[in-house]
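What follows draws every value from the coordinates through simple rules; no lab data is involved. Worth saying up front: this structure is predicted, and the values here are computed from it rather than measured. Glycine gets a Cβ as well: all are built from the backbone with ideal geometry, and neighbour counts include every protein chain shown.
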Amino acid sequence: MVERQRRKLTAILAADVAGYSRLVGADEEGTLRRLRAVRTEVIEPEMTTNHGRLFHTAGDSILMEFASVVDAARCAVAVQRAMAARNVSHAPAKRIDFRIGIHLGDVMVEADGNLLGDGVNIAARLEGIADRGGLALSHAAYDQVRDKMREKFADRGEHTLKNIARPVQVYAIELGHPASAQPSTENVAATEPPRLSIVVLPFANIGGDPEQEYFADGVTESLNTDLSRIAGSFVIARNTAFTYKGKHIDVKRIGRELNVRYVLEGSVQRGGNRMRVNVQLGDAESGKQLWAERFDKPVADLFDMQDEIVTRLAGALNTQLIAAEARRAEHSPRPDSMDLYFQGMACANKGLTPEYMTKARDFFERALALDPGNIEGLVGVAMVDTMFGGSFFTPDRAARLAAAEKALNQALSLAPEHARAHMYSGMVKMWTNRAGEGITECERALQLDRNLVNAHVSIGLGKIFDGRGGETEKHILEALRLSPRDTVAYLFAFVAGNGMIYSGRYEDAARWLSRAIETNRNFPLAHFYLAAASVELGKLEEAKAAVAAGFEFDPRFTIRHFRAGAASSNPDYLAQREHLIDAFRKLGVPEG
């Protein structure tokens, strides 16, 4: 009889040293001596106090087991706080900072007490995406500690972890280190890689098909060009990147050789009439994977497919790189203007809510206070004002839009080919009865940067204001093709639903508006518009339910409020708004 493998549910803590290779490369003996002292004086005592055991160690990595997630989290918090205090007495180049990941999962137990399986692997992957000096928890671990610790938790969203089948929801513990324990910026090495520095390595051609080789090289070269458009980016030139073609990839070594923070690598494989492209973004300092994506599509036109993949990748990487830079900036005791800009953009990328937009604007204003010539900060402030003015987040709508236009004109006078400034300028014009001019501005933005997905959405919105709502859907479909998992995809669907309403296609409007609500039911205008479309379709019970849902999220909505939001004097647009107002009256929406 074959003995069954013993298993158990347990809490796993994985830790390793951020920048370990750099520390060892600069001072091997000193680093190992300090690391042994840390294990003896900090880690092992805290582990014992919190009833844990060490089951594996190699180099700078440590794996511990705890019967309780609370014990694991308390041990991790104590270790990180002790290290923050301990590092005050060390020069920046010699500080030991840990990244820690915690997961509650099922593991296999070896005869010697070692633990194996996904439960261990997920903890190790979480450690890889944790901030320097920080803690990352899986949702399974978070559920066990959320109400049992005084520390605050930050939702870091869903992450695809290397070799883990399903995405993992990640949470960070906010440690709140005292100011005296924050690292100093003195003596920072002059060779520190530039922020947003990246090399796009030649994509591997799995299969050796010459036609596929051209495709792989084309994706690599196009990504080089597109990533160079990201504000503040530093992209290694194509000729240098291609010297690594066909060679074994060591992310840390390449990072040191090229002095970059990030390494992008990928592969292309064709099977029959399908093409698969795998891509991953690595942190060159830690060697850890930050993000990964796979495209699996039927082969039709290779050039069209290449364009689509590159555009989707560039858009996703923009968000991922900004988030990574913002995480770095959070731990800087003296963030500079661009650090603050990246933190503002990371806030804005979380969603177009008043809370996120207000936080983002604060970062942009602080960036401008440090450097009034920071064009990105200027565009960031204008972006927030545009979003507030166009989304009815504020009663001083006209003032917000006027302030945004002034800031954008200033930015464009300094940087005439700033794509995002053109896009937001177009949006301001659309919301102030200049839809035609606004559409032209957004088309100009797309000429400068084809990856500006929101420019497609804005053009669709502008056509509604211009009395051409029937043309809106195609622009939204293009935006969704380029960014199918966009954080504001509900707004894409809402704009498409608007286009259908303003062109009298109520069945299609209801379909798009229902999609918007399914994606984000907290957006009140989608409910009100769905209610109006349902009235036109004769579905009064559904209309009443929709308008009730709208009032649940915005009890102040009135017909006067709706009238005040008219963005155009186009007669077709205004006539259709009257149909909407009639529908609202039938459903009892107050005049206001």
Excluding residues fewer than 8 places away in the same chain, name every one of the aspartates and glutamates whose C-alpha is closer than 16 Å to that of Lys539.
-> Glu507, Asp508, Asp582
Rounded tilt (10° steps) of 472-482 against the dominant C-alpha axis of the chain = 10 degrees
Taking only C-alpha pairs under 8 Å that are 6+ residues apart, what is the relative contact order of the chain in percent?
-> 8 percent
For the stretch 5-151, build the convex hull from the C-alpha positions and give me its volume per residue in Å³.
-> 107 Å³
Among Pro202, His248, Ile309, pick out the residue whose Cα is farthest towards the positive end of the charge dipole of the stretch 197-330, where Lys and Arg carry +1 and Asp and Glu carry -1 on C-beta, about the Cα centre.
-> His248
Rounded to the nearest 10 degrees, the helix 489-501 long axis (Cα) sits at an angle to the longest Cα principal axis of the chain of 10 degrees
Kirkwood Rh over Cα pairs of the chain into Stokes-Einstein at 10 °C, 1.306 mPa s: D in µm²/s?
-> 60 µm²/s
In whole angstrom, and with the biggest value first, how far do the Cα coordinates of the stretch 341-446 range along each principal axis?
-> 34, 31, 22
Counted neighbours (other Cβ, 10 Å), sorted fewest up, put Cys347, Cys75 in the order Cys347, Cys75
Of the listed pairs Lys544/Lys586; Lys162/Lys245; Lys162/Lys350; Lys429/Lys474; Lys429/Lys463; Lys162/Lys252, those with alpha carbons more than 19 Å apart are Lys162/Lys245; Lys162/Lys350; Lys429/Lys474
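Roughly how many debye, to the nearest 20, is the charge dipole of the stretch 467-592 about its Cα centre, given +1 on each Lys and Arg Cβ, -1 on each Asp and Glu Cβ, and no other charges?
Working: 16 positive and 16 negative charges, 30 e Å.
It works out to roughly 140 debye.
Going by how many other beta carbons lie within 10 Å of each one, how would you line up Ser337, Ser503, Ser458, fewest first?
Working: Ser337 18, Ser503 21, Ser458 29.
Fewest-to-most ranking of Ser337, Ser503, Ser458: Ser337, Ser503, Ser458.
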